[in-house]
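K.L.:
This structure is in structure tokens; I'll ask about it shortly.
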Amino acid sequence: MIIKKEDSVKHANSPECTVYEYPTEDKDINVAFAEIRGRYPSSGYAMNECVKEILFVKTGNGKAVIEDEEHVLNEGDMLYILPGKKYFLEGTIDLIIPCTPAWHPSQHKHVTR
């Protein structure tokens, strides 16, 4: 299976975050490409209830805060985020994000703390 960029689904999550979701139609795994230009989410934290995410930094740098632990992110780094963990991302970063099981918006939450 090949999925061309023009077949990806663009999500403007915020002015600082654009995500291109590549629909695999496989409930076990999918992948997205994210462009972060600032902070995502703009306040509070994001959290996935059941999806494991791997964030691979294709280009750029910044930071990720998971719960209260800060991680510096540079090109070539990889970060693993478990379900139920609150996080935010900040910087100028392009990410490749495989998810398992496949990411779906109903399990993605914005939390204040």
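K.L.:
Taking TYR22, is it hydroxyl-bearing (Ser, Thr, Tyr), closer than 16 Å to ILE96 by Cβ and modelled with pLDDT under 95?
P.N.:
Yes.
K.L.:
Restricting the search to segment 79-102, which residues are more than 25 Å from GLU25 (Cα to Cα), assigned to a strand (DSSP E or B) and open to solvent by 50 Å² or more (accessible area, probe 1.4 Å)? Give the derivation first.
P.N.:
Going through segment 79-102, the residues more than 25 Å from GLU25 (Cα to Cα) turn out to be 85-93.
Subset that is assigned to a strand (DSSP E or B): 87-93.
Within segment 79-102, GLU90, THR92 meet the criteria.
K.L.:
Would you be able to tell me the number of residues in segment 46-78 that are within 21 Å of THR24 (Cα to Cα) and assigned to a loop (DSSP other than H, G, I, E, B)?
P.N.:
So the count comes out to 3.
K.L.:
Go through segment 20-54 and give me each residue that's touching a residue at least 12 places away in the same chain (Cβ under 8 Å), open to solvent by 60 Å² or more (accessible area, probe 1.4 Å) and charged (D, E, K, R).
P.N.:
Correct list: ASP26, LYS27, ASP28, ARG37, GLU49, LYS52.
K.L.:
Would you confirm, using the coordinates I've provided, whether VAL57 is open to solvent by less than 50 Å² (accessible area, probe 1.4 Å) and at pLDDT 95 or above?
P.N.:
yes
K.L.:
Is it fair to say PHE33 is touching a helix residue (DSSP H, G or I) at 6+ places or on another chain (Cβ under 9 Å), in a strand (DSSP E or B) and not small (Gly, Ala, Ser)?
P.N.:
Considered against the rule, which asks whether it is touching a helix residue (DSSP H, G or I) at 6+ places or on another chain (Cβ under 9 Å), in a strand (DSSP E or B) and not small (Gly, Ala, Ser), PHE33 comes out as yes.
The values are calculated or read from the model by the stated rules, or taken from the named source; none is laboratory data. Just so we're clear, the structure is a prediction, and the values are computed from it rather than from any experiment. Heads up, the Cβs are rebuilt from the backbone with ideal geometry, glycines too, and the neighbour counts pull from every protein chain shown. All accessible areas refer to the heavy atoms of the entire protein, side chains included, with ligands and DNA or RNA removed. Shrake-Rupley method; radii C 1.70, N 1.55, O 1.52, S 1.80 Å.
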